[in-house]
Amino acid sequence: MQSRWWSCGIRLVAWTWVWSLALHGAWCIPANEVNLLDSRSVVGDLGWVAYPNNGWEEIGEVDEDYAPIHTYQVCRVMEQNQNNWLHTNWILTEGAQRVFIELKFTLRDCNSLPGGVGTCKETFNMYYYETDEGDEEIDGEMNDGTGMTEEVDRAMKESRYFKVDTIAADESFTELDLGDRVMKLNTEVRDLGPLTQKGFYLAFQDLGACIALVSVRVFYKRCPFLVKSLAEFPDTIPGSEASQLVEVVGRCVNNSLPLYEPPRMHCSTEGEWLVPIGKCVCQPGFEEVNGSCQGKRETLERGVLLK
């Protein structure tokens, strides 16, 4: 009864206050990032698989604009031997070989929970599992009723996953924070790679912490379309290794030609264009104007019109 009181109390009193703080300004995505999953933008239930049933719980809330958002929470801190898993849906990589996972979450300070110091944890684990197709066994119930015990079924599914990291909070909240309505949101980013299959699942394992998983964003970085030195460089997905540079040959814009050699640039894993080599120049009778080559007569006429 005591553990249930803490769970319900924290969920209803404290965590409902976090959303306006957590999601303010969250929609500004850099041009070199492509979202594969953003739990904040999902309409309806997320539909992730949680087991056992009394572990992670999906909670529907609204942000400061009264838009619906969905989070997962767990707070079984007074009971020993917790092993609560939460699986996302299948995430398609779209050809990316390295992806990033951004987690936003709040976590309760164990010292602020009377009686829970011995069993309470302040970390949780993140795992992933690669596969070329969505696995119906993971999307469905954990026990399919074919004679396999739930424990064996669960162990088989968990064994497929590889650990990404143990996630700890930089800041945890206490009872005083609840009274002052000051929530301490944590943001952690991890990367996965090299990825070799079409998609993957993420899983979060709770071993007895008091957590609100406010949002999960999975994205990859790309070098966006660029015009430089009269050459066009297309959207490019970086390589799989952190230090790898992908060489891209540019295409000279209309009415221009390479000077000495074809223009090249290099795409880094951070989605940045680096190390430019070569350039294009306008053909005879054309001149460079704002990144393009225009006929000199056309340029003169445009200048007269502007006057």
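Would you list which lysines come within 16 Å of residue 279, measuring only between C-alpha atoms, while excluding same-chain residues fewer than 8 positions from it? Straight-line reach from residue 279, under 16 Å: 228.
Residue ranking by accessible heavy-atom surface, 1.4 Å probe, largest first, among 158, 171 comes out as 171, 158. Here residue 57 sits with roughly 70 square angstrom of accessible surface, probe radius 1.4 Å.
In order along region 186-191, the Karplus-derived 3J(HN,Hα) couplings, from 6.51 cos²θ - 1.76 cosθ + 1.60 at θ = phi - 60°, round to 9, 10, 10, 10, 10, 10 Hz, and Gly and Pro are given as x. Here's the list of lysines a cross-link from residue 296 could span, going by alpha-carbon distance under 20 Å and ignoring same-chain residues fewer than 8 apart: 307. The residue 272 and residue 296 beta-carbon pair, evaluated with R₀ = 35 Å, returns a calculated FRET efficiency of approximately 0.50.
Backbone phi angles across region 226-233, fed through the Karplus curve with coefficients 6.51, -1.76 and 1.60 (θ = phi - 60°), yield HN-Hα couplings of 9, 10, 9, 6, 6, 10, 9, 10 Hz in residue order; Gly and Pro are listed as x. Of the chymotrypsin sites (Phe, Trp or Tyr not before Pro) found in region 210-280, the ones in coil according to DSSP and having at most 15 other Cβ atoms within 10 Å of their Cβ are 225. The residues 206, 235, 45, 165, sorted by heavy-atom accessible surface at 1.4 Å with ligands and nucleic acids left out, run 45, 235, 165, 206 from largest to smallest.
Compute the length gained on full extension between residue 53 and residue 188: take 0.36 nm times their separation in residues and subtract their Cα-Cα distance, giving the result in nm to one decimal.
45.9 nm
Per-residue accessible area (protein heavy atoms, 1.4 Å probe) orders 296, 121 as 296, 121, starting from the largest. Residue 29 accessible area, nearest 10 Å², 1.4 Å probe? Approximately 60 Å² for this residue.
Only protein heavy atoms count here; on that basis, with a 1.4 Å probe, residue 275 has an accessible area of about 80 Å².
The values are calculated or read from the model by the stated rules, or taken from the named source; none is laboratory data. Since this is a predicted model, take the numbers as computed values, not measurements. With ideal geometry, Cβ positions are generated from the backbone for all residues, glycine too; neighbour counts draw on all protein chains shown. All accessible areas refer to the heavy atoms of the entire protein, side chains included, with ligands and DNA or RNA removed. Shrake-Rupley method; radii C 1.70, N 1.55, O 1.52, S 1.80 Å.
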